[in-house]
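Reading through the structure tokens given below for one structure.
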Amino acid sequence: MRPFYVTTPIYYVNDRPHIGHAYSTVAADVLARYAKLRGRPTRFLTGTDEHGQKIEERARELGKDAKAFVDEMSPPFDEAFRKLGCAYDDFIRTTEPRHEEKVQALWTLLAEKGDIYLGEYEGWYSVADEAFITEMELKALDEVTRSKVRKVREPSYFFKLSAYTDKLLAFYEANPTFVQPIGRFNEVKAFVREGLRDLSVSRTSFTWGVPVPGDPKHVMYVWLDALTNYVSALGGPAAPGAAPLFDRFWPPSADVVHVVGKDILRFHAIYWPAFLLAAGLEPPTQIFAHGWLTINGEKMSKRLGNFIPPGPLVDELGADVVRYYLMREVGFGQDGDFAHRQVFARYHGELGNGLGNLLARMVTGIVQKSFEGVVPAPAALGYEERELIAIAERAAAQAASHLDVVAPHRALDAIFELVAAANRYIDRTAPWALAKQGELERLGTVAYTVLESLRWLSVMLSPFMPEKTAALRAQLGLSPLTPTEALDAWPKAGDWGGLAAGTQTAPAAPLFPRFDPKDEEAILERLGAAGTKGADAKTGAKQGEQGVEAPKAEKATKKSDEAASAAKQEKSVSESSGTIVFDDFMKVELRVGLIVEAEAVPKSDKLVRCQIDLGEEKPRQILAGIRLHYAPEALVGKRVIVVANLPPRKMMGLESQGMILAASDTEHGLSVLGLEKDIAPGTRVS
Ligand code: MSP
């Protein structure tokens with residue numbers, strides 16, 4: 001199996017760790033855990049970025065020696081990430097000798113190549129972003145960042161970045177998924193197509209950095225220093241055979257994904273591959289640029305004092321709830337909002353009512369009472385069981401393909417389809433009634449089917465919630481997962497039945513105990529979020545995808561639509577003008593359906609009887625009153641939107657198992673809702 005190396009940005013130590021940092025690191029941890037589960041040799045790196053003017057100045061402001069300052073500021077990052085359950089293999093600090101040596105080695109390679117020359121830099125330097133900026137970029141900065149911009153004129157070494165314009169474009173062409181999401185890649189390409197200027201790569205006006213080999217009056221530009229961490233932590237650059245980790249985990253031997261925030265994409269997608277190409281090394285496989293989080297609808301800022309440290313959240317809710325929320329709430333790659341009240345909404349809804357209840361209903365409710373806590377053997381499988389198994393297989397396949405392309409939020413969507421389906425299965429098969437009637441054989445089948453679904457869920461959710469899934473497995477009587485190299489543990493079609501009948505379950509406290517509203521308020525109070533409305537009224541501001549060019553501070557000032565819409569979820573119908581809570585909307589299961597057969601219902605001038613493929617084992621029969629507007633044969637092959645969780649209803653003696661959505665007006669008559677693309681039948685619409 002192909003090795004996998006995933007990294008986070010290394011974090012500037014002028015600040016304390018906050019939820020934005022946690023976001024990058026948790027995402028990388030999920031990817032690493034997933035790769036390990038799939039049996040891939042995996043390495044995961046994070047660390048701290050400790051040189052540069054910004055940090056030197058911060059230390060000076062505090063009256064501290066720079067080295068003493070970074071030694072004090074780096075460990076809290078390690079602690080915060082460990083506390084969030086992030087299991088990296090290495091934590092690199094750029095002030096470590098192992099790193100500094102390799103930065104100098106890379107410099108030497110670039111110099112030997114003839115790509116470095118001495119000149120003079122005259123222009124603007126943004127200390128907040130540690131970036132050389134143009135006059136235009138200066139104008140776009142917000143006030144705080146602009147106040148930290150300096151006019152610089154100093155001797156400087158330059159890297160011949162201009163010579164790499166075409167090489168980079170060719171590299172992008174040959175690697176069409178090098179930057180994700182694709183929209184950001186297009187911005188990167190457009191920027192490079194404009195032509196690149198040579199890059200100043202050393203500074204002489206301060207000393208807190210790695211000395212330039214042979215000319216120690218210069219310290220290296222902090223981004224050249226920092227980017228090198230991705231290889232220095234593997235012992236590279238190094239000749240083949242000299243650094244085993246580098247040989248194993250750097251291309252061409254491995255897939256390398258750098259998870260970064262959108263604000264630092266330019267450095268990763270342009271400078272970094274250019275340095276590597278110049279040094280004769282291969283660039284990473286992919287740079288994934290995630291969006292920015294606002295907090296309860298506001299930009300995080302010193303002024304608002306809303307830098308949320310992850311530690312207290314973890315203390316109150318546990319690491320896994322925070323991890324889950326971060327991965328679930330916001331489409332990875334998009335901007336979004338961290339809204340404290342929304343954390344509770346998801347906690348109670350999806351985790352408590354969805355997953356936690358499923359486990360408790362079965363393990364504590366049924367297996368304990370009817371089977372003395374022992375997993376029963378299933379008897380003959382009926383349609384309901386086969387349907388749930390098909391849903392489990394589809395969830396597993398879809399979640400894997402989403403994780404393969406770094407879409408953790410989509411993977412969670414797919415996985416929670418199984419949670420919902422398993423809960424529906426319980427509702428439909430009514431195990432309590434079976435228990436009452438003493439139908440133990442059928443009850444055994446139902447119990448087994450749910451327990452095995454839970455086992456599948458414990459595997460698929462383990463990258464997201466390692467502790468909770470271990471606790472879930474313990475209740476099922478299973479030991480924690482131990483990913484093994486070369487052994488793919490992800491559930492697949494054909495794996496159904498892995499839970500051995502006879503296993504002794506161990507009912508325990510609820511996985512996600514309910515907080516009553518008073519407790520919830522007390523927690524919010526302690527977290528300083530009592531006055532927040534979830535994602536409330538701050539909905540107006542519009543945030544598009546941010547350009548690769550705009551420096552970080554400017555980008556962070558805008559608010560996102562997603563933040564706004566997430567924030568809306570707090571209000572209920574009763575208190576606001578006819579709106580519903582988001583969870584209510586999600587109760588309506590809208591799915592893509594493909595009409596495979598359609599015929600007129602005899603004796604009815606309106607009804608058409610459709611067989612609709614909803615990605616289930618067999619098509620569903622749905623009756624629709626659309627005959628006046630559509631000839632039945634014209635419907636075959638159409639993709640429509642179906643409400644899939646309505647109870648069956650009889651019409652003209654025929655059962656209808658859902659509803660097709662349509663709209664009508666007097667001018668056009670009726671039109672069924674369709675899709676612009678051939679989205680797969682069964683896909684959830686949201
Ligand atoms: N030191 C550089 C990275 C060097 S990588 C070779 C740096 N550090 S940082 O501490 O300022 O930011 C680190 C990461 O945190 C970035 O990916 C950034 O996008 C992310 N975040 C900081 N604030 C954030 C949010 N509010 N939301 C999401 N991520 C944010 O840049």
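Taken residue by residue, the range 202-222 has no member that is in contact with a Phe, Trp or Tyr (Cβ under 6 Å, 6 or more places away or on another chain) and within 16 Å of the ligand (Cβ to nearest atom).
Please go through the range 141-169 and pick out each residue that is β-branched (Val, Ile, Thr) and either more than 16 Å from TYR271 (Cβ to Cβ) or outside the structural domain of VAL219 (by TED's automatic domain parsing) (or both). Talk me through it step by step, then tell me what you get.
As a first pass, look at the range 141-169 and keep what is β-branched (Val, Ile, Thr): 144-145, 149, 152, 165.
Across the range 141-169, the qualifying residues are VAL144, THR145, VAL149, VAL152.
Take the conditions (1) buried (at least 18 other Cβ atoms within 10 Å of the Cβ); (2) more than 11 Å from the ligand (Cβ to nearest atom); (3) modelled with pLDDT under 95; MET300 misses just one of them, which is (2).
Looking only at residues in the range 270-315 that are of a type in the set (Val, Ile, Thr) and not in a loop (DSSP other than H, G, I, E, B), the one that is nearest to the chain's Cα centre (by Cα) is ILE287.
Residues that are closer than 20 Å to TRP272 by Cα and either within 16 Å of the ligand (Cβ to nearest atom) or modelled with pLDDT under 95 (or both) within the range 1-18 comprise TYR5, VAL6, THR7, THR8, PRO9, ILE10, TYR11, TYR12, listed in sequence order.
Part of a loop (DSSP other than H, G, I, E, B) and either away from the ligand (no atom under 16 Å from the Cβ) or in the same structural domain as PHE206 (by TED's automatic domain parsing) (or both) - does that describe any residue in the range 19-32? Steps first, answer last, please.
To start, the set of residues in the range 19-32 that are part of a loop (DSSP other than H, G, I, E, B) comprises none.
No.
The residue of the range 455-503 that is nearest to the chain's Cα centre (by Cα), among those that are open to solvent by less than 30 Å² (accessible area, probe 1.4 Å) and of a type in the set (Ser, Thr, Tyr), is SER462.
Of the residues making up the range 253-270, those that are away from the ligand (no atom under 12 Å from the Cβ) and open to solvent by 20 Å² or more (accessible area, probe 1.4 Å) are SER253, ASP255.
So in the range 138-150, with the set limited to residues that are open to solvent by less than 30 Å² (accessible area, probe 1.4 Å) and over 30 Å from the mean Cα position of the chain (by Cα), which one is farthest from LEU196 (Cα to Cα)?
Our first condition is that a residue be open to solvent by less than 30 Å² (accessible area, probe 1.4 Å); within the range 138-150, this holds for 138, 141, 145, 149.
Now drop any that are not over 30 Å from the mean Cα position of the chain (by Cα), which leaves 138, 149.
On the way: LEU138: 18, VAL149: 22 Å.
It comes out as VAL149.
Candidates are the residues of the range 283-297 that are under 15 Å from THR177 (Cα atoms) and not small (Gly, Ala, Ser); the one that is nearest to the ligand (Cβ to nearest atom) is HIS290.
Need at least 2 residues that are under 21 Å from VAL588 (Cα atoms), touching a residue at least 60 places away in the same chain (Cβ under 8 Å) and open to solvent by 30 Å² or more (accessible area, probe 1.4 Å) per element, so show me which strands (runs of 3 or more DSSP E) inside the range 616-686 make the cut, counting only ones lying wholly within it. Steps first, please.
Numbers: elements: 620-624, 639-643, 649-651, 654-656, 662-665, 669-672.
Hits in the range 616-686: none.
Every listed requirement among (1) under 30 Å from GLU452 (Cβ atoms); (2) among the hydrophobic types (A, V, I, L, M, F, W, C); (3) open to solvent by 10 Å² or more (accessible area, probe 1.4 Å) is met by TRP292 save one, (1). Of all the criteria given as (1) within 30 Å of ALA190 (Cα to Cα); (2) near the ligand (Cβ under 10 Å from one of its atoms), the one not satisfied by ILE308 is (1). Against the list (1) open to solvent by 10 Å² or more (accessible area, probe 1.4 Å); (2) assigned by TED's automatic domain parsing to the domain that holds ARG43; (3) more than 9 Å from the ligand (Cβ to nearest atom), the condition TRP250 fails is (1).
Which of the following residues is in a helix (DSSP H, G or I), in the same structural domain as PHE249 (by TED's automatic domain parsing) and aromatic (Phe, Trp, Tyr): PHE44, PHE91, PHE81?
On the way: PHE44 fails: in a helix (DSSP H, G or I); PHE91 fails: in a helix (DSSP H, G or I).
It is PHE81.
Across the range 50-66, the qualifying residues are those that are part of a loop (DSSP other than H, G, I, E, B) and open to solvent by less than 40 Å² (accessible area, probe 1.4 Å), and the one among them that is farthest from VAL219 (Cα to Cα) is GLU50.
The values are calculated or read from the model by the stated rules, or taken from the named source; none is laboratory data. Bear in mind that the values here come from a model prediction, so they are computed numbers and not experimental data. Please note: Cβ atoms are built from the backbone with ideal geometry, for glycine as well, and neighbour counts cover all protein chains shown. SASA here: full protein model, heavy atoms, side chains in, ligands and nucleic acids out. Shrake-Rupley method; radii C 1.70, N 1.55, O 1.52, S 1.80 Å.
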